[in-house]
Amino acid sequence: MTVQDHLLRDKAPIPVTAWKAIDDEARERLTPLLAGRRLADWGGTSGWNASSVSTGRSHRLDGPPPGVKAEGFRARLREVQPLAEFRVPFTVSREEIEDIQRGAQDPEFDDLARAAREAAEVENRTLFHGWPEAGIGGIAASTPYDVLSLGAEPDHYPAVVARAVDVLRRNGIEGPFALAVAPEGFTRIAETAEHGGFPLFDHLTRILGGQILRAPGLDGALVVSQRGGDFVLDVGQDLAIGYTDHDADDVHLYLEESFTFRVTEPDAAVVLR
């Protein structure tokens with residue numbers, strides 16, 4: 001969680017102790033939910049004022065500015081990818097803030113928990129499935145391979161995951177590999193033991209050589225290489241809490257982030273349904 005002047009936190013009727021409790025709660029809620037970050041390379045944080053990141057590419061311009069004659073002239077325009085920004089509002093009770101100041105160790109931040117879930121889903125879904133209006137292509141939308149069917153029975157998952165790993169390896173993509181799976185699928189895996197009681201979770205981990213991630217915002221599942229360099233998350237301002245206004249009962253806050261995402265190697269993932 002980062003702090004920026006434009007968030008107007010100093011204008012909020014929230015003492016230092018309560019701000020710490022709110023920030024700590026947001027961090028605890030967000031960290032396990034942001035599954036996409038664990039599959040992508042971190043491009044760094046460039047600050048709230050950052051508007052775009054370089055793609056490293058360019059395209060040729062037809063000629064010099066109008067009215068200029070230059071023999072042998074060559075020019076190119078560098079390409080950039082803009083950052084998208086979003087806010088998810090929530091409220092904190094002023095009574096709760098007062099109780100924190102009195103020493104309450106169990107603050108009730110139910111609306112913050114809801115906002116954290118929604119903010120994490122925005123980021124995750126963008127990384128997994130893209131955000132066309134923001135010019136972001138997701139992992140699932142970029143992969144060139146045929147979609148593999150997991151089927152309804154968890155016992156069939158190892159064979160399908162092994163096939164996905166084989167597809168990646170045959171196309172020159174090395175591991176280790178990770179399996180990102182929607183929450184309901186993750187629960188099935190965690191609860192299922194294979195023949196003779198061998199945990200399905202352990203079997204899949206051995207096939208992958210990497211981790212299995214519970215991924216809110218993902219439809220189905222993805223097998224993804226974790227060798228590095230294939231997916232990049234570029235963040236301007238990392239998720240942070242800002243202040244809007246307040247009334248006699250509640251303080252109105254929001255979670256905010258600016259980011260973009262680049263798939264630099266579409267061949268590094270296989271979609272499972």
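The numbers here are math on the coordinates, done by the rules we state, and not lab data. A quick note: this is a predicted structure, and the numbers were derived from the prediction, not measured. FYI the Cβ positions are ideal-geometry reconstructions off the backbone, even for glycines, and counts take in every protein chain you see.
Some points to look at:
- Peptides 99-108, 124-133, 69-78 ordered by packing proxy, namely the average of other Cβ atoms within 10 Å per residue, highest first: 124-133, 99-108, 69-78.
- The residue list Gly185, Tyr157, Gly217 was ranked by how far each Cα lies along the charge dipole of the range 145-217 toward its positive end, using unit charges on Cβ atoms, and Gly217 comes out on top.
- Straightening the chain between Thr55 and Val68 buys 1.8 nm, computed as 0.36 nm per residue apart minus the Cα-Cα spacing.
- Cα-based shape type of the range 50-114, given that a ≥ b ≥ c are square roots of the gyration tensor eigenvalues and the cut on a/c is 1.5: prolate
- Largest GNM mean-square fluctuation across Val224, Val167, Val235, computed for the chain with C-alpha springs under 10 Å, falls on Val167.
- Dipole magnitude for the chain: computed about the Cα centre from +1 point charges on Lys and Arg Cβ and -1 point charges on Asp and Glu Cβ, it is near 1580 debye.
- Overall form of the range 1-150 per C-alpha gyration tensor (a/c, 1.5; a/b vs b/c): oblate
- From the coordinates shown, Rg/Rh (Cα atoms, Kirkwood Rh) corresponds to which of [x] 1.25; [y] 1.08; [z] 0.93: [y]
- Net dipole in debye of the range 1-122 [+1 Lys, Arg Cβ; -1 Asp, Glu Cβ; about Cα centre; nearest 20]: 1040
- Positive-end ranking of Ser52, Ala84, Leu255 along the dipole of the chain, with charges on Cβ about the Cα centre, is headed by Ser52.
- Point-to-point label distance, Glu98-Asp249, nm (Cα→Cβ direction, 7 Å offset): 1.4
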